[in-house]
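Novice: The structure follows.
The values are calculated or read from the model by the stated rules, or taken from the named source; none is laboratory data. Just so we're clear, the structure is a prediction, and the values are computed from it rather than from any experiment. All Cβ positions, glycine included, derive from the backbone under ideal geometry; neighbour counts span all protein chains shown. Side chains are part of the model used for accessible areas, which takes the heavy atoms of the whole protein and leaves out ligands, DNA and RNA. Shrake-Rupley method; radii C 1.70, N 1.55, O 1.52, S 1.80 Å.
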Amino acid sequence: MNAQELRDKTPDQLREELASLKKEAFNLRFQQATGQLENTARMRDVKRGAARVKTILNEKAAAAASEA
């Protein structure tokens, strides 16, 4: 998911997206530890996706704070 699609979402939807990415990252780490991970590049994508969601959330929070 790209940044523009994330910016169109509400903060609640972004938090749900972040939770699902964190869950997926946990599962991928578990698979790696047990030697079952096939697509190692997916770990990188998930980490970057979570960072992207956090960045958008912080941008929205800063915008809301500056308006108030």
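Novice: Taking the range 15-30 as the search range and keeping residues that are open to solvent by less than 90 Å² (accessible area, probe 1.4 Å) and within 12 Å of the chain's Cα centre (by Cα), which one is nearest to THR55 (Cα to Cα)?
Specialist: So in the range 15-30, the residues open to solvent by less than 90 Å² (accessible area, probe 1.4 Å) come out as 17-21, 24-25, 27-28.
So of that shortlist, the ones also within 12 Å of the chain's Cα centre (by Cα) come out as 17-21, 24-25.
Numbers: GLU17: 13, LEU18: 11, ALA19: 14, SER20: 16, LEU21: 14, GLU24: 19, ALA25: 18 Å.
Looking at the filtered set, the residue picked out is LEU18.
Novice: Mind checking which residues of the range 56-67 are within 20 Å of the chain's Cα centre (by Cα) and open to solvent by 50 Å² or more (accessible area, probe 1.4 Å)?
Specialist: If the condition is that a residue be within 20 Å of the chain's Cα centre (by Cα) and open to solvent by 50 Å² or more (accessible area, probe 1.4 Å), then ASN58, GLU59, LYS60, ALA61, ALA62 are the ones that fit.
Novice: Looking at the range 1-23, I want the residues that are β-branched (Val, Ile, Thr) and have a partner that is exposed (fewer than 12 other Cβ atoms within 10 Å of the Cβ) and in a helix (DSSP H, G or I) with Cβ atoms under 6 Å, at least 6 apart or on another chain. Which pairs are those?
Specialist: Short answer, once both residue conditions are applied: none.
Novice: Filter the range 31-55 down to the residues that are in a helix (DSSP H, G or I), over 10 Å from the mean Cα position of the chain (by Cα) and of a type in the set (Val, Ile, Thr) and list them by number. First the steps, then the outcome.
Specialist: Just the residues of the range 31-55 that are in a helix (DSSP H, G or I), to begin with: 31-34, 41-55.
Now drop any that are not over 10 Å from the mean Cα position of the chain (by Cα), which leaves 31-34, 41-44.
Listed by number, the list holds a single entry, THR34.
Novice: So, in the range 31-48, how many residues would count as being of a type in the set (A, V, I, L, M) and exposed (fewer than 10 other Cβ atoms within 10 Å of the Cβ)?
Specialist: Our first condition is that a residue be of a type in the set (A, V, I, L, M); within the range 31-48, this holds for 33, 37, 41, 43, 46.
Still in the running and exposed (fewer than 10 other Cβ atoms within 10 Å of the Cβ): 33, 41.
Going through the range 31-48 one residue at a time, the tally reaches 2.
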